[in-house]
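Since the structure comes first, as structure tokens, the remarks are kept for the end.
Just so you know, all these numbers are worked out from the coordinates, no wet-lab data involved. Quick caveat, the model's predicted, so the values are computed rather than measured. Counting neighbours? That spans all protein chains shown, and the Cβs are built from the backbone with ideal geometry, glycine included.
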């Protein structure tokens, strides 16, 4: 199975306590979903960004604690970890249905791309088998519409589900390797980053003062401020952020400083 972890696709930290709710018993099986809106296929390199967009929609639009699905399958056959095997999904319609079955969403829509690709069916079968083996989950298999009033997962996918989710005769292809987004933050790093933003604001204030004092050629005060800046930079180096994340912070400082000195 070509599994893409949450860290690899750049998931936001889920909100607690809701996002940390675990299943209380073994799952009956797996429910298959589609997006229920228009979807157009895209290069594999753009799939992770779409999953992040979907997570944003679920968390910021629906008010959920995380992306709703257990797993998602792109048209290239990759399986994206949503809430995963242990945390209860929020996609099946209500708490009882969410507790009962895993939720696997195929990235196909109600218009545009509506029929799953062969690679996607291979990936979907991988996800179903993974849920059954590692979940644990029973052998029951259905669509979102089974036990809930909805057209999901659409006719093409539902026909496949009713046949038992067979693998296509074709051999799955191997898309290019996907690079993990460097800016994916853990909750601890996100908290540190919030604190660093406050420290950077203090740095802006000092730099503005430095620009004013430099006009008076007051070397002593400038030296004190430069020493304070050095101390703040050293503090940034101990936060555990990656080089790319540090560069993003440096760009933020440079942009803000340029705007401040231009005033």
key: Two-site FRET efficiency, residue 170 against residue 22, from Cβ-Cβ distance with R₀ of 35 Å, rounded to 0.05   = 0.40
remark   = FRET efficiency for residue 110 and residue 3 from the Cβ-Cβ distance with R0 = 25 Å, rounded to 0.05, comes out at 0.40
task = Percent of Cα-Cα pairs per 5 Å bin, from 0 to the last occupied bin, for segment 15-127, please list those.
result = 2, 13, 22, 26, 20, 12, 5, 1
query = Where does each of 64-74, 97-107 land if you order them by average Cβ count within 10 Å, highest first?
reply = 64-74, 97-107
note = If R0 = 22 Å, then residue 163 and residue 133, at their Cβ-Cβ distance, give a FRET efficiency to the nearest 0.05 of 0.60
inquiry  = For segment 41-185, place one equal point scatterer on every Cα, skip the solvent, and apply the Debye formula. What is log10 of I(q)/I(0) at q = 0.09, 0.10, 0.14 Å⁻¹?
reply    = -0.26, -0.33, -0.67
task = Please work out how much length the chain gains when fully extended from residue 148 to residue 38, using 0.36 nm per residue of separation minus the C-alpha to C-alpha distance, in nm with one decimal.
result = 37.5 nm
